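Below is one structure, written out as structure tokens; comments come after it.
The values are calculated or read from the model by the stated rules, or taken from the named source; none is laboratory data. Every value quoted in this text rests on a predicted model; they were computed, and no experiment measured them. Heads up, the Cβs are rebuilt from the backbone with ideal geometry, glycines too, and the neighbour counts pull from every protein chain shown. Heads up: the accessible areas ignore ligands, DNA and RNA and are worked out on the full protein's heavy atoms, side chains in. Shrake-Rupley method; radii C 1.70, N 1.55, O 1.52, S 1.80 Å.
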Amino acid sequence: MMRYFFIFLIFLLPLLALSQSENKSYLEIAKNFRTNNQFDSSIIYSEKALEYYKETQDSINIANTYNNLGLTYIKINNRKSALNNFYKAIKINKSIKNYTDLIGNYNNLGNYYISEDLNLALQYYQEAEILLPKDKKDKKSAIINMNIGTIFSSNDKEYFNYDSAVYYYLNSLESFKIIKDSINLALLYHNLGVLYERKENYQAGLDSYNKSLEINNALDDKYRLNQTYMNVGNIYLKQKKFKESLNYYEKSLELAEYLGDPNRKMNLYSNMVKAKMGIGQVEEASLLFQEYNHLRDSLFDSEKMQEVKDLETKYETEKKEAEIKEQQLAIAQKNFQKNLFLGLSIALVVLIISTIWFFIQKQEYLKKLKNEEISNMKTEQELKELNAMMHGQEEERNRIASDLHDRLGARLSSIKLLFQSEQNETAHILKSKLLDNINEAIKETREISHNLSTDMLTRFGLETALKDMVRTINEAEKIKADLAIYGLQKRLPLEVERNIYHIALELINNTIKHAEAQNITLQISQSEGEINVFYEDDGKGFDVQNVVDSGMGMRSIYARVNTISGAVYFNSKPGKGINVVMTIPVKENMEEEKENQDDTTLKSKMA
């Protein structure tokens, strides 16, 4: 009998050991499912692991399982459950003084808050930093230092601190070098390059970017190479090394096309126009400018289509979730006294349908009332606007009539009196007086015309004023003027509109007076943070350097551009007409700086 008992134990013990091993592996299976984006399976196995570890009172692995659940819930955007599990893991690790895992918990909480509350994110990262072993350069130390550096290099002025960002990035760099983590080394060199560039320490920025390029070339990381090539090009553009900047822009453009990144292509086209103008390649700059406008318009249409798709997806998702909940409710009801609750279920379904029908009818009625109200408001607003416009036009006509009568009419009357004068004056003196009065009459006419244009600009905006100016030119039938305006959805600041208008007026006047041109082209477009103005004529051209040194008109244009913090590029040669490109910022940060800063917005790493 004892012999059979021992034989039974021999077979039973391996089975018990195997069962225990399987229970312990639940957590590893859950982590693997999370890594492979199988989140539902990860949650199921985490719950199994949690049940086993609670039975065995394994506090360390209970905390690790809560931490894994927190990371999984973040992936499926269930932030409330994620936060709850992180706090449970922290509470346990604090109670058993498990500081090694507590560092990772604090880091994950920092990652949780970094997208919505930088202050809380920084607090949790610093809690993790305090627990780091001194003088130990490992992966945890590298990640914590990098995440703190990310906050100090943020675009948020409240948190941006150049010295602190460099300090933490260099600490992280040292740790990643020790553990030979090439991917994060390349990322840190790129981030340091961005910081140096923002401080206008261009040589240090180039050195860091080149180190990042060297590593990413070895890793064949085309996405990071694309970012860094463009940033190197931006530094060379700021240094006015246009050929070098174009070399790196072309590398980035090739990768952007390979990766299918239209936004980066649009940014590259914008900067390449400036570089091409800088080296005098006007025709290529003009073609790139047209590519830029075409791509920007197509991206705008794509964004609108994506918004519609997102709404449809959201609707379908909510619909599926509602269906799943209804199915679960139906199953629960069937399992709990089916016969007793069958009638109630039917009544409930009828009630729900009736409520939905009533709600839909009510919404339709309210919508109809709202549409009628909006229609009435629009009609009243249009009448008010029409009356205001008619009143303004009447005032304008009265002012012009007054100017013509009081100023120009008086001047012409004095000229008439000089002709009728019987004074014994010599023909030379009489001619001189007549010329003086005629010049004054011309001056009065120009002032009246200028006042009219300025009023139109102030009241109706840049686009209307420019269209009126072009219409006036074309009606004279001496020179053909074309105007194209893209993206001006709203009125610009008045100072910007006035300066753009007067610059355009100065360029057109110079063309009419001096260029002997047949055609004028004026294009104005607005991107997210920048106005681009492109002007050209097919006249006889001139030597740009000589006119810059001596021409009042050119100096006036430069002065106006500087007033609104813009930049202007002239290109002309005798017999080749003129090309002018202007870029004018309309926000605090230029679009080019935004591109660099977008590259520095990093995804926080998880411990």
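When the surface is traced with a 1.4 Å probe over the full set of protein chains, Asp297 keeps roughly 70 Å² accessible. Computed from label points 7 Å out along Cα-Cβ, the spacing between Ala204 and Lys80 is 4.7 nm. The residue among Ala121, Ser81, Ala142 whose Cα reaches farthest toward the positive pole of the charge dipole of the stretch 40-145, with charges on the beta-carbon of Lys, Arg, Asp and Glu, is Ala142. The GluC sites (Glu not before Pro) found in the stretch 180-256 that occupy coil by DSSP, while having at most 14 further C-beta atoms within 10 Å, are Glu200.
Per-residue Karplus couplings for the stretch 221-236, computed as 6.51 cos²θ - 1.76 cosθ + 1.60 with θ equal to phi - 60°, are listed in order as 8, 5, 5, 5, 4, 4, 4, 5, 4, 5, 5, 4, x, 5, 4, 4 Hz, Gly and Pro entered as x. Between rounded, prolate and oblate, where does the stretch 454-580 land on the alpha carbon gyration tensor, with a ≥ b ≥ c its root eigenvalues, rounded for a/c under 1.5, else prolate if a/b exceeds b/c? Oblate shape, in that a/c is at least 1.5 and b/c is the bigger or equal ratio.
Remark: accessible surface ordering of Phe460, Phe242, Phe176 (largest first) is Phe460, Phe242, Phe176, probe radius 1.4 Å.
Figure note: Thr35, Thr511 ranked by solvent-accessible area, largest first, 1.4 Å probe, ligands and nucleic acids not counted: Thr35, Thr511. Once the Cα-Cα distance is subtracted from the 0.36 nm per residue extended length, the Asn155 to Asn36 segment shows a gain of 39.6 nm.
Summary of packing: across the peptides 58-71, 533-546, the per-residue average of other C-beta atoms within 10 Å ranks them, highest first, as 58-71, 533-546. Exceedance of the 26 Å cut-off in Cα-Cα distance is limited, within the set Lys48/Lys136; Lys75/Lys140; Lys274/Lys573, to Lys48/Lys136. A probe of 1.4 angstrom, applied to the heavy atoms of all protein chains, finds Leu132 with accessible area near 30 square angstrom. Round to the nearest 10 and report in Å² the accessible area of Arg560, as given by a 1.4 Å probe over the protein chains' heavy atoms. So the heavy atoms of Arg560 present about 80 Å² to solvent. Average accessible surface for the stretch 483-534: 45 Å² per residue, computed with a 1.4 Å probe over protein heavy atoms with every protein chain in place. Under the combined filter of DSSP loop state and at most 16 neighbouring Cβ atoms within 10 Å, the stretch 467-497 retains these GluC sites (Glu not before Pro): Glu477.
With all protein chains kept in place, the per residue accessible area of the stretch 144-196 amounts to 38 square angstrom at a probe of 1.4 angstrom.
Ranking His428, His514, His502, His190 from most to least accessible surface, computed with a 1.4 Å probe over the protein chains only, gives His428, His514, His502, His190.
Model label sites at Ile179 and Gln363, defined 7 Å from Cα along the beta-carbon direction, differ in position by 5.1 nm.
Any chance you could run the full-extension gain for Asn119 through Asn474? It's 0.36 nm times the residue separation minus the Cα-Cα distance, nm to one decimal.
Result for the pair: 121.8 nm of gain on full extension.
Straightening the chain between Ser298 and Glu28 buys 92.5 nm, computed as 0.36 nm per residue apart minus the Cα-Cα spacing. Sparse packing (at most 10 other Cβ atoms within 10 Å of the Cβ) combined with a DSSP loop state is found for the following trypsin sites (Lys or Arg not before Pro) in the stretch 80-135: Lys97, Lys134. Distance between the pseudo-spin-label points of Ser556 and Ser95 (7 Å out from Cα toward the beta carbon): 8.1 nm.
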